[in-house]
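Everything on this sheet refers to the single structure shown next.
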Amino acid sequence: MAITRTQLFSVPVSDQDRALRFYVDTLGFDLLSDAEMGPDMRWLLVSPPGAETAITLVTWFESMPAGSLKGIVLETDDLEGDIATLTEKGVIFEGGLQDAPWGRFTTFNDPDGNGIVLQASTSRG
């Protein structure tokens, strides 16, 4: 096999402008591309700063309704600091901060209900 990395994955959203504001303004992601793809289709590509994998914010996959994606995992080096910053920006965390054998984590949703895990791993590998 010659597969070397995950280039991108798609997050289904109902409103691309609202999703863009959340991922860029709230989460601090970089906007990598905002291009028209055709009638009512727009290529929105975002990524955490310096990340290798990007996210497309999509509205056109019938098999992926907005809010249906769960388990997006974002790694942080400052879990408590990011929780505080995001809480100030209106993000609601569910279930509080949890400990696991591999680190600590909490969960929240984007504006459409896509589930996101914010975690700090004790060892990365």
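We did not get these values from a lab; they are worked out from the coordinates using the rules stated. Only a predicted model underlies this, so the values are computations on that prediction, with no experimental measurement involved. FYI the Cβ positions are ideal-geometry reconstructions off the backbone, even for glycines, and counts take in every protein chain you see.
Overview of results
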| read-out | value |
| --- | --- |
| Answer label, with mean projected area of the Cα convex hull in nm² calculated from the coordinates and candidates [x] 6.4; [y] 9.1; [z] 8.0 | [y] |
| Bridge type composition, region 60-125 - antiparallel percent by DSSP, nearest 5 | 75 |
| Share, in percent, of DSSP beta bridges within region 8-121 that are antiparallel, nearest 5 | 70 |
| Local net charge near Tyr23, Cβ-Cβ under 13 Å (Lys/Arg +1, Asp/Glu -1) | -4 |
| Region 1-67, dipole about Cα centre (Lys/Arg Cβ +1, Asp/Glu Cβ -1), debye to the nearest 20 | 180 |
| Debye-sum result for region 73-123 in log10 I(q)/I(0), which assumes one identical scatterer on each alpha carbon, at q = 0.21, 0.22, 0.25, 0.26 Å⁻¹ | -0.70, -0.77, -0.97, -1.04 |
| Length released on extending from Leu8 to Phe61, taking residue separation times 0.36 nm less the Cα-Cα span | 17.5 nm |
